[in-house]
Structures are given as C-alpha cells and as structure tokens.
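**Student:** Please find one structure pasted underneath; my questions will follow.
Every number in this text was worked out from the coordinates using simple rules, so none of it is lab data. Quantities reported herein were computed from a predicted structural model and do not represent experimental measurements. All Cβ positions, glycine included, derive from the backbone under ideal geometry; neighbour counts span all protein chains shown.
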Amino acid sequence: MMEGKPGRKRWSEIRSFIDRRPWSFLSWSAGLTALAFIVFYGLQATTNPQVGIQFVQSEWPDPSIFPYFYAKPITWFAYFSFVYWAAGLESNKEHFLKLSPRVRNMLFLGTALVAFASFYEIFYNFMVWLALEVLTTNCLPYPCNPDKVASIFDLKSPLNLVFATKIVTTAFGLSMYSLWFLHRVDVETERRNRTTTTVDSGVKAPVAIPSGKHIEIEAGLSAQQPIDPTIDRT
C-alpha cells in the first residue's frame, strides 16, 4: 500500500504544474523533442560530406510502419521549434507586460530585422534551388532528386538546400509570431493603462454640483408661489 503513494504524489505534482503553467509545459516538451532530433541526427554529420543532408535523406517514423504519417527530421525539428518558441513567449507574457515601452520597441526592431533577413534568404534559397535543378545534369539519377541538391557558392562544404530552406523558413515563422506577440503585448498594456486611468479618475474626482443649480431651483419655486392681490409689486 505504501509503495504506490510516492508515485501518485509525484504524478499529482506534475498534473498540478501542468494546470498552473500549461504553456511552460508545452514549451519545454516541444523544446526537448526538437533537441532530441538535433542530437540524434546531428551525430551522423561526420559520415556525410553535405551539410544537413542527414536531416533530409531519412523519414521519421519509418514509412513502412506509419505509411500515412511521417516527415523528414528537419521538418519535425521546424515544427517542434516553432511550438517551443511560441509557447515560451505565451508563458512569459506577464514578464513582457512589465517591460518598458523602449525595451519592447527595441525587441520589435530586432525581431523585424530577423524577419527581413530570413525572408530574403527564403527567396534566395529557392532561386538557387530551382537554378541548380535546371542546370545540373551530372547527378544520379537524372533528373536530380530535390532532396540531394546542394549549394556550393562561397562555401567550404556543400549545403543541402532542403535543410537550409527549412531552417530560414523556421526563423521567419518564429520572427513573425514574435512580432504578432509583441503587438498583442502593446495592445494589452495600453488597455490596462486606460483601465487604470479610468478607475483612478472615477475614485479621486469629486462629484461637482454647479452652484447655479441652487439659484435656478429657488427661482423656480418662487415663480410657482400664488400671487397675493393685496401686495403691491410696482
């Protein structure tokens, strides 16, 4: 009877943490999964002369086991990295709300720069990719397998274009989500400031009664009194 209690207590603590911080749990889970893909397939880099091809030439899980649900390791890495980053931002939303507007503006500018650079790299990689597929005639089998096409321009080692394109696309997706998140933080900050200002003004501002109202009321009451014919008003 006593052996099961520590396990149940530990599971209760885990469930309590998930209930209190669901975004943090999701972020760490996705981050560890993305790291597992990087470590497992990154160890195979020494056996491949082309940078990143080990993330492209295989599928996970094995298509023979799951014929309708599989993807390349670099694709899984991109998905889990996006979830890790997005959930991490959401879990730290209150921290961003406490930052000064100047700091948030600097973060917005830096994120916009990353978005601009990655957006350019996406187009560059696709242009090189298409050009190499059209011009290359010595790859086997012909026509070239898009997964094996690599860029060699100003590089010591060939860079697999599927790998490079998905990396920069992931960076672009992360930066765009970050820009949207920072915009939401600014909107939330402004809304809270307006609410605080409205509450403060409603509590501190006295209810002012115009002084002229008392005079108008007295004048109205005097006008409603009956006129005594015995009193000379001339």
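**Student:** In segment 57-83, whose amide N lies under 19 Å from the spot 7 Å out along Cα-to-Cβ of A117? List them in ranges.
**Tutor:** 82
**Student:** Also, I was wondering about something else. Please report Rg over Rh for segment 1-111, where both radii come from the alpha carbon positions and Rh follows the Kirkwood definition.
**Tutor:** Numbers: Rg = 19.6 Å, Rh = 17.4 Å.
Result: Rg/Rh = 1.13.
**Student:** Let me make sure I get this right: for segment 104-196, a, b and c are the square roots of the gyration tensor eigenvalues over alpha carbons, sorted descending. Under 1.5 in a/c it's rounded, otherwise prolate if a/b > b/c, else oblate. Which is it?
**Tutor:** Details: a/c = 4.94, a/b = 3.68, b/c = 1.34.
Prolate, because a/c is 1.5 or more and a/b exceeds b/c.
**Student:** Pull out the extension gain between L130 and F82, defined as 0.36 nm times the separation in residues minus the alpha carbon to alpha carbon distance; nm, one decimal. Present the calculation step by step, with values, prior to reporting the outcome.
**Tutor:** Numbers: separation 48, 0.36 × 48 = 17.28 nm, distance 2.65 nm.
That works out to 14.6 nm of additional length.
**Student:** Can you tell me which of 74-86, 35-47, 173-185 comes out highest on packing, and rank the rest after it, using the mean Cβ neighbours within 10 Å? Before the final figure, lay out the partial values.
**Tutor:** Values: 74-86: 20.0, 35-47: 13.4, 173-185: 17.5.
Output ranking for 74-86, 35-47, 173-185: 74-86, 173-185, 35-47.
**Student:** Measure off 7 Å from each Cα along the Cα-to-Cβ vector at Q44 and D147, then give the distance between these two points in nanometres to one decimal.
**Tutor:** 0.9 nm
**Student:** Let me ask another. Trypsin sites (Lys or Arg not before Pro) within segment 1-106: which are DSSP loop residues with at most 11 other Cβ atoms inside 10 Å?
**Tutor:** Numbers: sites: R8, K9, R10, R15, R20, K93, K98, R102, R104; in loops: K98.
Qualifying residues, ordered by number: K98.
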